[in-house]
Structures are given as structure tokens and as C-alpha cells.
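Have a look at this one before I ask anything.
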């Protein structure tokens, strides 16, 4: 079963590095191989750490640092793979909300991010009864 506390710490590190615009922290957190994948909201999916690293460089060069308020987290996984469902509320000049899945795997006795997928959250979408 997944060690939730260390997975939670790795997940929080992702948002801390993002807010700090810490490219080295991201590099240390992510699996640095072609196995990695990332879909930022509105972007095509990027495959491989080099493309992902370049995307973070681009995002980090923006006019204001991103700020996240995360909610509705759900942790799942096994001893070697963990994934977190999360709502990301992006604060700043343009408020927005996205839903995301962060995927980690155990590498060298620590959780390393292998994937991130985020999409805009559409408020008040009437999906009918479930």
C-alpha cells in the first residue's frame, strides 16, 4: 500500500517548486527521461523531461509567480506508483480553476513525478443526475 505521507510530501513539493519558480527543484522531483509526460491546461501533451523542462522555463518567465490553492485531493496507489486527483485554484491576476492528476513512481526510495495532466474546471456544468 502507498505511504500516503511521503506521496503527499512529493505532491506538495510540486506546487511549492511551481510557486517558487524553482526549475532545479522540478528537475529533482521529476523523472528525467522520455517516460515523463505533462499536459498543462490548453497545451498539447509534452513527452520527455526536456520538453517538460522547457515548458516550466516558459511558465516561470511569466510576469507574476503562480500561486495555488489546492483542494479535493484524493490519494491512490501501490508501493511503486501513486496518483493524486486534485483541484488547483490558480490565484493572481486571472483566477482560474483546473482539475489535475499527478502521477508519481518510486525511484531510488523516493517518489518522483512521472506525469501531470490538468484541464480547466468548468463551473456550474449541469451533468444531470448520476
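Only the coordinates and a few stated rules stand behind these numbers; no lab work does. Nothing here was measured: the structure is a model prediction, and the numbers come from that model. No Cβ is skipped: glycine too gets one built from the backbone with ideal geometry, and neighbour counts run over all protein chains shown.
Please order 18, 85 by the number of other Cβ within 10 Å, starting at the fewest.
Ranking 18, 85 by Cβ neighbours within 10 Å, fewest first, gives 85, 18.
Still on this model: Using the count of nearby Cβ atoms within 10 Å as a rough guide to exposure, how do 28, 79 rank from fewest to most?
Result, fewest neighbours first: 79, 28.
Write down, largest first, the equivalent ellipsoid semi-axes of segment 27-91 in whole Å, where each equals the square root of 5 times an eigenvalue of the alpha-carbon gyration tensor.
Its equivalent ellipsoid spans semi-axes of 21, 19, 10 Å.
State the Cα centre-to-centre distance between segment 69-88 and segment 1-37 in whole Å.
With segment 69-88 and segment 1-37 each reduced to a Cα centre, they are spaced 12 Å.
Right, something else. What does DSSP give for segment 4-120 in terms of the percent of beta bridges that are antiparallel, rounded to the nearest 5?
That works out to approximately 90 percent antiparallel.
Given C-alpha coordinates of the chain, what is the ratio Rg to Rh with the Kirkwood estimate of Rh?
Value, to two decimals: 0.97.
Also, quick follow-up: For segment 60-126, what value does the Rg/Rh ratio take when both radii are computed over Cα atoms and Rh is the Kirkwood radius, given to two decimals?
Radius of gyration over Kirkwood radius for segment 60-126 works out to 1.05.
Take every Cα pair under 8 Å in segment 4-120 that's 6+ residues apart, average their separations, divide by the length, and report that relative contact order as a whole percent.
After rounding, I find 26 percent.
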